[in-house]
1. How big is the charge dipole of region 26-65 about its Cα centre, in debye rounded to the nearest 20, if each Lys and Arg gets +1 on its Cβ and each Asp and Glu gets -1 on its Cβ?
2. Within 14 Å, Cβ to Cβ, of residue 84, how many net charges do the neighbouring residues add up to if Lys/Arg are +1 and Asp/Glu are -1?
3. Would you mind getting me the FRET efficiency between residue 70 and residue 25? Use the beta-carbon distance for r and R0 = 25 Å, nearest 0.05.
4. Mind pulling the per residue volume of the convex hull built on the Cα atoms of the chain? Å³ is fine.
5. When the accessible area of the chain is split by element with a 1.4 Å probe, what percent falls to carbon and sulfur?
6. Could you tell me which of rounded, prolate or oblate describes region 35-107, using a ≥ b ≥ c as the square roots of the eigenvalues of the alpha-carbon gyration tensor, with rounded for a/c under 1.5 and, failing that, prolate when a/b is larger than b/c and oblate otherwise?
7. Would you kindly state the longest site-free stretch of the chain, with sites defined as GluC sites (Glu not before Pro) in a DSSP loop (not H, G, I, E, B) surrounded by at most 10 other Cβ atoms within 10 Å?
8. If DNA, RNA and ligands are ignored and the probe is 1.4 Å, what is the ranking of 4, 115, 110, 122 by accessible area, most exposed first?
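The values are calculated or read from the model by the stated rules, or taken from the named source; none is laboratory data. Computed from a predicted structure; not experimentally measured. Every residue, glycine among them, receives a Cβ derived from its backbone with ideal geometry; neighbour counts consider all protein chains shown. The protein model used for the area step is the full one, side chains on, heavy atoms only, and it has no ligands, DNA or RNA in it. Shrake-Rupley method; radii C 1.70, N 1.55, O 1.52, S 1.80 Å.
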Amino acid sequence: MEKRIRIRYLSDKIERLDYIDKKSDWIDLRAAEDVELKKDEFRLIPLGVAMELPEGYEAHVVPRSSTYKNFGIIQTNHMGIIDESYCGDNDQWFFPAYALQDTRIHAGDRICQFRIMEHQPRIQFEEVDSLGHQDRGGHGSTGRK
């Protein structure tokens, strides 16, 4: 079922949003201005969009696989979550970038991507003395191959 997202573009320096290669269900986001970062500098990079997400959905914003290779930056929160309440005309989306080297990002450069997901259903925790299953082992216990 198709969902509708109302979008307000806050920059004329970025392309209109569309699916990546029209095949993936991820959508690229672009830097809305030129940004120059020095090594170890942090900056919120504006993405030039504000959106009204469908009720009951949130956006997951992550770096593109080439973001570090191309720009030497990482996303400081590793995955951004934007819920449907962040929907004002000026609630611009940002990419929180930390530079691991001196770098320059140009307006229009693809630096991250997003997809929308339904909110997690309400859960209730039930405390027990035993889960009743065999232990699998420690972290990373399935081996290397």
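1. Values: 5 positive and 9 negative charges, 44 e Å.
Around 220 debye, computed over region 26-65.
2. Values: positive: 3, 4, 6; negative: 52, 55, 58, 83, 91, 118.
After counting each charged neighbour, the total is -3.
3. 0.65
4. Details: hull volume 29.2 nm³, N = 145.
Output value, Cα hull per residue: 201 Å³.
5. Working: 4780 of 10570 Å².
That share works out to 45 percent.
6. Values: a/c = 2.71, a/b = 2.01, b/c = 1.35.
It is prolate, given that a/c is not under 1.5 and a/b is the larger ratio.
7. Numbers: sites that count: 2, 55, 126, 127.
The segment 56-125 is the longest one with no such site.
8. Numbers: 4 195, 115 70, 110 90, 122 225 Å².
Per-residue accessible area, sorted high to low, gives 122, 4, 110, 115.
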